[in-house]
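The values are calculated or read from the model by the stated rules, or taken from the named source; none is laboratory data. For clarity, every value in this text was computed on a predicted model and none was experimentally measured. Here the Cβ positions follow ideal geometry from the backbone for every residue, glycine too, while neighbour counts run over all protein chains shown. Accessible surface areas use protein heavy atoms only, side chains included; no ligands, DNA or RNA. Shrake-Rupley method; radii C 1.70, N 1.55, O 1.52, S 1.80 Å.
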Amino acid sequence: MTEKKYGIIGKPLSHSLSPLLHNYWFKKYNIKASYSLIETEVEQIGEIINKIKKKELKGINVTTPYKQNVIPFLDLVINSAKETSSVNTIYLNNENKIVGENTDVYGFDCSFIKRLKDKDLLEKKILILGAGGVTPSVIYALVKKNIKKIFISNRTIEKAEDIKKKFPFIEIIVWENINNKSQDIDVIINTTSLGMKNGSDFKLVFKKFKPELVYYDIVYNPLETLTLKNFKDQKVKTFNGLEMFLYQGQKSFYLWNKIKPEIDDELKKIITTKLR
Ligand code: ATR
């Protein structure tokens, strides 16, 4: 049997750990397949997706900034991908249709909502920082659990307004005003790229916040952003984005191989070692 080929498209890609993740599972489950980085310019997206129809590629993950750009090239956009207009997993179904799904919603749910128990979150005020590619997935995962006291703040307010069109009940907080509002917030979720390796960090420091605040940072490279570390030092309960990364990968793998791969200790060790 020939080797099945998978890959991830996005830009930049060099930081992606998805090859490590999927190649680990292919080996563990004895699947003859390989997963690689596919450096892609925006005008090449159609051509790459078409390789799925031609069976040159079995599956694709999509990362920043193409989670929306891929949509016109797909035959079907289903489930969470439809609800969020954000696709991170692509495959060919039995009817030869190219399907776009979203596994970030599942990833956020498993890594955060399930771990905190929904009932603890129901009445909580949640502030989402950022309005990028992954933000609708975070919001939709919360909304699915009926968690709706959501505030959003983004440097470029128009992008927060676009998200509000999809989820009209969310309230916008002006980026420069976060510090005046933060003391009323129960959960802060960073969906911006601030704090990422080789990127810029938060200029704003959260001065006022509840002692029982929970801080979730979607960033996993590094495992502790400066902001996360600051909160942790002040005894705030914190989560980094590593588990979300692992769980979104778990669901992608399942969609492609019909095996729910285990997130085992060895895998976690390999990934965290790579991140140190
Ligand atoms: P995209 O928006 O292209 O999908 P992304 O990585 O998913 O890219 O999103 C980047 C997010 O990080 C955005 O919310 C972005 O804010 P803008 O919409 O204002 O660009 C945010 N971000 C990135 N760098 C930032 C910075 N230096 N200060 C504040 N927010 C920043």
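Some points to look at:
- For first residues located in the range 236-249 and closer than 8 Å to G107 by Cβ, partners that are open to solvent by 20 Å² or more (accessible area, probe 1.4 Å) and assigned to a loop (DSSP other than H, G, I, E, B) and lie 6+ apart or on another chain with Cβ distances below 6 Å form the pairs F245/Y220; L246/I263.
- The condition (being open to solvent by 80 Å² or more (accessible area, probe 1.4 Å), within 21 Å of Y66 (Cβ to Cβ) and either away from the ligand (no atom under 13 Å from the Cβ) or in contact (Cβ under 8 Å) with a residue 40 or more places away in the chain (or both)) is satisfied by just one residue among K166, K159, K149: K166.
- Tally, over the range 1-24, of residues that are within 15 Å of L57 (Cβ to Cβ) and open to solvent by 80 Å² or more (accessible area, probe 1.4 Å): 3
- Among the numbered conditions (1) open to solvent by 70 Å² or more (accessible area, probe 1.4 Å); (2) within 14 Å of the ligand (Cβ to nearest atom); (3) over 17 Å from the mean Cα position of the chain (by Cα); (4) in contact (Cβ under 8 Å) with a residue 24 or more places away in the chain, the only one that K203 does not meet is (4).
- The residues on offer are Y35, Y66, and the sole one that is touching a residue at least 24 places away in the same chain (Cβ under 8 Å) and not in a loop (DSSP other than H, G, I, E, B) is Y35.
- Of all the listed residues (G132, G107, G100), the sole one being among the small types (G, A, S), in contact (Cβ under 8 Å) with a residue 60 or more places away in the chain and either more than 15 Å from the ligand (Cβ to nearest atom) or not in a helix (DSSP H, G or I) (or both) is G132.
- Selection within the range 126-143 - at pLDDT 95 or above and either hydroxyl-bearing (S, T, Y) or over 18 Å from T227 (Cβ atoms) (or both): T135, P136, S137, I139, Y140, A141, L142, V143
- Here the condition is being more than 22 Å from the chain's Cα centre (by Cα) and at pLDDT 95 or above; of E83, E3, E101, E43, it holds for E43 alone.
- For the residues E212, E224, the requirement of being within 21 Å of T273 (Cα to Cα), open to solvent by 30 Å² or more (accessible area, probe 1.4 Å) and either touching a Leu at 6+ places or on another chain (Cβ under 8 Å) or away from the ligand (no atom under 14 Å from the Cβ) (or both) singles out E224.
- Some residue of the range 27-47 being open to solvent by 70 Å² or more (accessible area, probe 1.4 Å), under 28 Å from T192 (Cα atoms) and among the aliphatic types (A, V, I, L, M): yes
- Among the residues making up the range 169-182, those that are away from the ligand (no atom under 13 Å from the Cβ), modelled with pLDDT under 95 and either open to solvent by 10 Å² or more (accessible area, probe 1.4 Å) or within 18 Å of I147 (Cβ to Cβ) (or both) are N177, N179, N180, K181.
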